[in-house]
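The values are calculated or read from the model by the stated rules, or taken from the named source; none is laboratory data. This structure is a prediction, so every number in the text was calculated from the model and none was measured. Positions of Cβ are generated from backbone atoms using ideal geometry, with glycine treated the same way; all protein chains shown enter the neighbour counts. Accessible surface is based on the protein model in full, side chains and every heavy atom, while ligands, DNA and RNA are left aside. Shrake-Rupley method; radii C 1.70, N 1.55, O 1.52, S 1.80 Å.
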Amino acid sequence: MAADPVERVRIPARAKAGAIIALTALVMTALVVPLLRGAPLWMADFQLYHGVAKAVFDGVPLYELKVDTTALAGIAFTYPPFAAVVFTPLSWLPAGFGAALWTCASLLSLGVILWVSHGLAGVTALARRLRLTVLGMVVAPLLTPVLMNLMLGQVNIFVVLLVLLDFSPLMPSRWRGLLIGIAAGVKLTPLIFVAYLLCTGRRGDALRATAAFGGTIAVGFLVLPGESSAYWLRGLLLDTGRVTDISAVVNQSLPGLFARLAGTTTAPGWWLPVCLVVVLLGLLAARWAHGLGHDLAGLLVAAFTGLAVAPISWPHHAIWIVPVLAWLSVATWRAGSALPKAVLSLVSLWWVVPAYWLLAPDKTTPDLTAVDHLVIALTGYLAVTALAVALLPVWLPRVHTPSLEPDVNRSM
């Protein structure tokens, strides 16, 4: 049987788009590494991952390990044991080359995140989608979450990529959920998407995600039984104090806000029921958005709900702003207004300049005044997220995203 002529065009077009995205990632790596190498926090988290990878082979207890980086001393490993297993190949790489390779992989992942996000937003014309992706790869590193990921050598960008791929048409329906479960095995925050799958009726996907997450736990026990027992069975999972003082200004989660208001380094006991209510409201909003046909908007509401209730939400955890901006870049009001473009500009500026950080950079919790608390709350991520979700019924029904565009080169 002769091949479909449209498919014969589509496959080379996909390969060409992939090559251009990869080339852009290489060029951006050549620019980013020299610019950020002298930064105080350069590759601090990557150096931790590299140290953890060596510790796995050396038999050093992971949760007693303290890694000294060029910027910080005595960093502790706080991820699930499965993450340490994933990091083990890093031990085979020299630290300098590994850092450059990690940066390139991060930028390539950024390109795929943009490509998938624009596809989920309804952009089907290949040429337009590629232009938006390349432009995003050049501009997105200016955003605080992306910049911090690249500077620290963080894993969050890969976690977001796995989750987005799971929701994209690139993922066969019979495997949906698996990547979410694997991502949750590296960092626990993607578990919010299991709840999102359940509340939107995708029970099979949620079951596969849960099974995959259970598989990561099993792999951890198989490879690192002692560390897995300590993490899952002996309370390390709940010990947020091992990470840092959660009242730090840069922690933009609700528990961090509550700790700052209480003048303590840990959240007060009532943070959990409050956060459970927030999770319920966020998932209801996400389900409503999904019901309107905006699945990307729904999963983004779920993502930011997860960031809001996590014990710790550093700026680099908020990579989800990239799909938000990708979605806004193609959205219009049904009446033809360009208001979403104005919102896109304002949101981009908001995430380029971390006002809350600049306004109270060196103050610890006991030193914060009532005005400081107000400024941090209103200029951080929580206020914007809460406002956007609260007004969801007002603005989302008016939003239109492209669903079909006249172009032979169509591809997810």
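Largest to smallest in accessible area, the residues Glu227, Glu64 fall in the order Glu64, Glu227 (1.4 Å probe, all protein chains included).
Sticking with the crude label model, points 7 Å out along Cα→Cβ, report the distance from Asp295 to Leu387 in nm, one decimal please. For the pair Asp295/Leu387, the computed spacing is 3.1 nm.
Of the residues Gly220, Gly263, Gly51, the one that moves most in a GNM of the chain with alpha-carbon contacts below 10 Å is Gly263.
Taking all protein chains together and a 1.4 Å probe, the residues Lys341, Lys187 rank Lys341, Lys187 from largest to smallest accessible area.
Expressed as a whole percent, the accessible area of segment 180-221 that falls on carbon and sulfur atoms is 75 (1.4 Å probe). For segment 1-129, the square roots of the Cα gyration tensor eigenvalues, ordered a ≥ b ≥ c, give a/c of at least 1.5 with a/b greater than b/c, which places it in the prolate category.
Note on Phe97 and Leu349: the model spin-label points, each 7 Å out from Cα along the C-beta direction, lie 4.6 nm apart.
Per residue, segment 178-223 exposes 40 Å² of solvent-accessible protein surface, assessed with a 1.4 angstrom probe and all protein chains in place.
Computed with a 1.4 Å probe over protein heavy atoms only, the accessible surface of segment 7-66 comes to 54 Å² per residue.
With the highest mean first, a sort of the peptides 378-389, 85-96 on other beta-carbon atoms found within 10 angstrom per residue produces 378-389, 85-96. Just the number, please: carbon plus sulfur as a percent of the accessible area of segment 97-172, 1.4 Å probe, no ligands or DNA/RNA counted. Whole-percent figure for carbon plus sulfur exposure: 84.
If only the Cβ of Lys and Arg carry +1 and only the Cβ of Asp and Glu carry -1, the dipole of the chain around its Cα centre is close to 1100 debye.
Here Leu135 sits with roughly 100 square angstrom of accessible surface, probe radius 1.4 Å.
Largest accessible area first, the residues Trp288, Trp333, Trp271 order themselves as Trp288, Trp271, Trp333 under a 1.4 Å probe with ligands, DNA and RNA left out. Using C-alpha pairs under 8 Å with a sequence gap of at least 6, the mean separation divided by the residue count of the chain gives a relative contact order of 20 percent.
Is the shape of segment 96-234 best called rounded, prolate or oblate, per the rule: a/c under 1.5 gives rounded, else a/b larger than b/c gives prolate, else oblate, with a ≥ b ≥ c the square roots of the Cα gyration tensor eigenvalues? Oblate. For the chain, lysine pairs with C-alpha atoms less than 27 angstrom apart, excluding pairs fewer than eight positions apart on the same chain, total 4.
If you bin all the Cα-Cα distances of segment 96-176 at 5 Å, starting from zero, the percentages per bin are 3, 15, 23, 24, 18, 11, 5, 1.
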